[in-house]
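This report refers to the structure that appears directly beneath it.
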Amino acid sequence: MSLFKAASTVSLLTLASRITGLVRELLIAATFGASAMTDAFNVAFRIPNLFRRFFAEGAFSQAFVPVLAAARTQQGEEKTRQLIDHVATVLAWMLLGLSVIGVALAPVLVWVLASGLGHGFEAAVVMTRWMFPYIAFMSLVALCAGVLNTWKRFAVPAATPVLLNVAMIAAAWLGAPWLAGRGVEPIYALGGGVLLGGVLQLGVQLLALKKLGLMPRFGLSWAAIKTSWTDPDTRNIVRLMLPALLGVSVAHISTIINTQIASHLAPGSVSWLTYADRLMEFPTALLGVAIGVVLMPQLASAKAANDTARYSAMLDWGLRIVVLLTVPCALALLTFAKPLVAALYHYGAFTDRDVVQTSTALVGYGAGLLGLVAIKVLAPGYYASQDIRTPVKIAMAVLVITQLLNLVFVPVFAHAGLALAIGIGALINALWLLIGLLRRGSYKPSPGWGVFGLQVLAASALLVVFLMWGSSAWDWTGLRSQAGLRIGLLALLVLGAAVLYLGVVWAAGLRFRQLLRR
């Protein structure tokens, strides 16, 4: 499977996940609005999500996938299967202990993340206890996904997040009214939906591994645990995870600090940031995550085979795709934020004020979108070489810079300042990673970047003019009662913007077939 075909498969399935995720957020916004209780849920949901990013998608994946790919390339299938069993055993027991601790310390975790919740604090604690075991399911999902991606089975890992969204949609649509009818806080239903979604995702991926004959065997005896722990490759993964944990922790400390700050701002601030983040995740996941997932095992394999030319060429291809597609997305968030938020969220309990506040947060994220996506391609360039320390050092420096930016932006822009600081920090992080790869000679840009940049710049200039016209041509909040018209206008403008941008890039001389074949 070619890199582009694989990335397209992941991207399309991720699109399905993001669409169902957006439906989930729209239903939650229309049902609950932006209130103290939605802030409580968002804080409670953010706690297992942060741990998921620390352990599952973050430190564990960064350490596991390169070692697994190298083992498959250098040691063969049988040794690789043993590695999977050993890692599964160690991981399962670690997660069991972590889940027990997380449930017990839920009040402390909520206080650390958002001490300013007020009367929503107790609700956040209850939902945290229900949802914390989600991290265990998702860490095992990351194990399964790492194996499937290494075997170039990208579809199942990319598709399973849909199950979480479906479970939460069912919880909001059916579970919330059922609880309300029994005098129970209806938003608690979302906690049950999250836990159900984790169970479904793990079940589907285990079935996929079983079909490949790669079903992990979890050791239950002390002897099996000891054997798994002493395996050299397992110890290597744990060794790599330690700096990775620090790096991922540093990357998400900004999120923790921002949530803490937002909890002390106007009620609804946490929710406004969450709703904006959901829209920003569309391009981040469709482009950065999709390309990064596909590139990681391939880069690791190229490094293990000492094929530096293929390694550099794959990075170059990934960066060109990122620039080509992320620049217009960033410009859309900067110039077309209010129509996007109004057309998608402005229903039910979601007010005109919520539209404005969510739009300003979206603009802040949009300013750094290119950096947020580029990191997903550049960081695997280090992880593939089993170099996790360099991205960690960069992340630590960027954390300090981001918090200094918060001191400047938050007094002026309130919650939107938090988003803007993250965006600018991401740009600095990506540039730093790129310079590092260039200096060590790991990445050597292919010829033609100058012309390519001018082609993107010309198309982007016309795109901005078109989007600014579309943003001002209609009263997007005033069309609240005409939902069909507003959605139709949004679809036409987005389609028109895509055709305009790609058409101008093509007219300027970029040949898509040649780029994709590379």
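Numerical summary
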| item | result |
| --- | --- |
| Pairs where the first residue, in region 168-188, is in contact (Cβ under 8 Å) with a residue 40 or more places away in the chain and the second is open to solvent by less than 40 Å² (accessible area, probe 1.4 Å) and in a loop (DSSP other than H, G, I, E, B), C-beta under 9 Å, 6+ apart | 172/186; 172/187; 176/186; 176/187 |
| Failed item in (1) part of a helix (DSSP H, G or I); (2) under 21 Å from residue 325 (Cβ atoms); (3) not β-branched (Val, Ile, Thr), with residue 436 passing the rest | (2) |
| Residue list for region 469-481, restricted to those being touching a residue at least 24 places away in the same chain (Cβ under 8 Å) and open to solvent by 50 Å² or more (accessible area, probe 1.4 Å) | 474, 480 |
| Whichever residue in region 183-204 is aliphatic (A, V, I, L, M) and out of contact with any Leu (no Cβ under 6 Å at 6 or more places or on another chain) and, among such residues, is nearest to residue 157 (Cα to Cα) | 204 |
| Every pair of residues 6+ apart whose Cβ atoms lie under 8 Å, when the first sits in region 221-238 and is closer than 25 Å to residue 386 by Cα while the second is of a type outside the set (Phe, Trp, Tyr) and surrounded by fewer than 16 Cβ atoms within 10 Å (Cβ to Cβ) | 229/235 |
| Some residue of region 140-155 being open to solvent by 40 Å² or more (accessible area, probe 1.4 Å), under 19 Å from the mean Cα position of the chain (by Cα) and not hydroxyl-bearing (Ser, Thr, Tyr) | yes |
| Among (1) surrounded by fewer than 21 Cβ atoms within 10 Å (Cβ to Cβ); (2) under 28 Å from residue 71 (Cβ atoms); (3) among the aromatic types (Phe, Trp, Tyr) - the single one residue 137 does not satisfy | (1) |
| Selection within region 205-237 - open to solvent by 40 Å² or more (accessible area, probe 1.4 Å) and under 30 Å from residue 155 (Cα atoms) | 207, 210, 211, 212, 213, 215, 217, 218, 235 |
| Among the candidates 363, 377, residue that is in contact with a helix residue (DSSP H, G or I) (Cβ under 9 Å, 6 or more places away or on another chain) and open to solvent by 10 Å² or more (accessible area, probe 1.4 Å) | 363 |
| Verdict on residue 291 being closer than 30 Å to residue 351 by Cα, open to solvent by less than 50 Å² (accessible area, probe 1.4 Å) and modelled with pLDDT under 75 | no |
| Out of 488, 484, 509, sole residue that is among the small types (Gly, Ala, Ser), on the phi > 0 side of the Ramachandran plot and surrounded by fewer than 13 Cβ atoms within 10 Å (Cβ to Cβ) | 509 |
| Any hit, region 460-467, residues being open to solvent by 40 Å² or more (accessible area, probe 1.4 Å), modelled with pLDDT under 90 and assigned to a helix (DSSP H, G or I) | no |
| Qualifying residue in region 403-423 (condition: touching a Gly at 6+ places or on another chain (Cβ under 6 Å), free of Cβ contacts under 8 Å to residues at least 60 places away in the same chain and closer than 30 Å to residue 65 by Cβ) | yes |
| Test: residue in region 382-389 that is of a type in the set (Gly, Ala, Ser), in contact with a Pro (Cβ under 9 Å, 6 or more places away or on another chain) and not in a helix (DSSP H, G or I) | yes |
| Residue within region 63-86 that is under 26 Å from the mean Cα position of the chain (by Cα) and without any contact (Cβ under 8 Å) to a residue 60 or more places away in the chain present | no |
| Residues satisfying the stated conditions in region 19-42, i.e. β-branched (Val, Ile, Thr) and in contact (Cβ under 8 Å) with a residue 12 or more places away in the chain | 20, 23, 28, 31, 38 |
| Counted residues, region 439-459 - those being of a type in the set (Phe, Trp, Tyr) and part of a helix (DSSP H, G or I) | 2 |
| Breaking point among (1) of a type in the set (Phe, Trp, Tyr); (2) within 24 Å of the chain's Cα centre (by Cα); (3) farther than 22 Å from residue 208 by Cα; (4) open to solvent by 20 Å² or more (accessible area, probe 1.4 Å), for residue 132 | (4) |
| Any chance residue 392 is more than 29 Å from residue 237 (Cα to Cα), open to solvent by less than 30 Å² (accessible area, probe 1.4 Å), among the hydrophobic types (A, V, I, L, M, F, W, C) and in contact with a Gly (Cβ under 8 Å, 6 or more places away or on another chain) | no |
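Residue-by-condition table, conditions (1) small (Gly, Ala, Ser); (2) modelled with pLDDT under 80; (3) in contact with a strand residue (DSSP E or B) (Cβ under 8 Å, 6 or more places away or on another chain); (4) crowded, with 22+ Cβ neighbours inside 10 Å:
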{"residue": "239", "(1), (2), (3), (4)": "no, yes, no, no"}
{"residue": "242", "(1), (2), (3), (4)": "no, yes, no, no"}
{"residue": "248", "(1), (2), (3), (4)": "no, yes, no, yes"}
{"residue": "265", "(1), (2), (3), (4)": "no, no, no, no"}
{"residue": "275", "(1), (2), (3), (4)": "no, no, no, yes"}
{"residue": "282", "(1), (2), (3), (4)": "no, yes, no, no"}
{"residue": "303", "(1), (2), (3), (4)": "no, yes, no, yes"}
{"residue": "306", "(1), (2), (3), (4)": "no, yes, no, no"}
{"residue": "324", "(1), (2), (3), (4)": "no, no, no, no"}
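The values are calculated or read from the model by the stated rules, or taken from the named source; none is laboratory data. Nothing here was measured: the structure is a model prediction, and the numbers come from that model. All Cβ positions, glycine included, derive from the backbone under ideal geometry; neighbour counts span all protein chains shown. For accessibility, only protein heavy atoms count, side chains too; no ligands or nucleic acids. Shrake-Rupley method; radii C 1.70, N 1.55, O 1.52, S 1.80 Å.
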